[in-house]
Amino acid sequence: MIFGKGTKMYSIAKMKCPQCQEGQFLVSHPYDLKNIGDVKTECDVCHLKYEREPGFYYGAMYVSYALGVALFVTVWASCNLWFPWLSAWGQIGLVVFFTLVLSPYLFALSKIIWANFFISYDADAQVRK
């Protein structure tokens with residue numbers, strides 16, 4: 001199963017700890033503007049330290065860029081497919097709108113994706129503590 005527990009997609013979709021997939025990865029939800037994109041220091045369940053080294057999440061900028069490009073292409077292609085009468089400025093407006101609305105979510109998503117590149121699931125992580 002692609003979204004079953006133990007897969008990276010489960011950890012990413014639920015924004016759970018990449019190692020135990022039980023504890024929360026973020027301090028709060030992505031749209032909490034006070035704590036936007038803040039990652040917990042460690043997992044509440046398996047006590048994995050989320051920041052592997054200082055500046056670990058700088059690499060998430062590359063993932064964020066890729067997500068932004070994917071969003072742009074999706075909105076642009078959708079506009080051309082379903083709204084061919086929409087002007088170029090209308091398309092730009094929709095791209096800007098969706099970028100602004102989805103930015104906090106994409107920012108958080110890029111961090112959990114980046115962490116999943118380097119941290120693997122371990123079913124026994126909860127037991128060890």
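Helix 88-118: angle to the longest alpha-carbon principal axis of the chain, degrees 0 to 90, nearest 10? For helix 88-118, the angle is close to 10 degrees. Each of Ser120, Gly4, Gln19 was placed along the dipole of the chain (beta-carbon charges, centred on the mean Cα), and the one lying farthest toward the positive end is Gly4. Short to long, the 5 Å bins of the Cα pair-distance histogram for the stretch 1-128 hold 2, 11, 17, 19, 16, 12, 9, 6, 4, 2, 1, 0 percent of all pairs. Computed in the context of the full set of protein chains, the accessible area of the stretch 86-129 at 1.4 Å probe radius has 71% of its extent on carbon or sulfur.
Which whole-angstrom value gives the distance between the alpha carbon centres of the stretch 86-129 and the stretch 24-74? Taking the Cα centre of the stretch 24-74 as reference, the centre of the stretch 86-129 is 8 Å away.
Kirkwood radius, the stretch 67-129, all distinct C-alpha pairs, inverse of mean reciprocal distance: 14.2 Å. Report the relative contact order of the chain, percent, no decimals, based on alpha-carbon pairs under 8 angstrom and at least 6 residues apart. Relative contact order of the chain: 36 percent. Using the 1.4 Å probe convention, the accessible area of the chain works out to 63 Å² per residue with neighbouring protein chains retained.
Here's the picture: a label point sits 7 Å out from the Cα of Lys5 along the beta-carbon direction, and within the stretch 24-55 the residues with their amide nitrogen under 19 Å of it are 24-26, 43-48. In this Cβ point-charge picture (+1 for Lys and Arg, -1 for Asp and Glu), the stretch 39-129 has a dipole of about 40 debye about its Cα centre. Subtracting the Cα-Cα distance of Ala77 and Glu53 from 0.36 nm times their residue separation leaves 4.7 nm of extension gain. In a fully extended conformation the segment linking Asp38 and Leu94 would gain 17.4 nm over its present Cα-Cα distance, using 0.36 nm per residue. Estimated from helical segments only, the mean residue ellipticity of the chain at 222 nm is -17000 deg cm²/dmol, where each DSSP H run of four or more residues counts as -39500 (n - 2.57). Annotation: aspartates and glutamates with alpha-carbon distance below 20 angstrom to Lys40 (same-chain offsets under eight excluded): Glu22, Asp32, Glu51, Glu53, Asp122.
No disulfide-compatible partner, judged by a Cβ distance under 4.7 Å, exists for the following cysteines of the chain: Cys79.
The values are calculated or read from the model by the stated rules, or taken from the named source; none is laboratory data. All values reported here derive from a predicted model rather than from experimental measurement. Counting neighbours? That spans all protein chains shown, and the Cβs are built from the backbone with ideal geometry, glycine included. Surface accessibility is based on the protein's heavy atoms, side chains included, excluding ligands, DNA and RNA. Shrake-Rupley method; radii C 1.70, N 1.55, O 1.52, S 1.80 Å.
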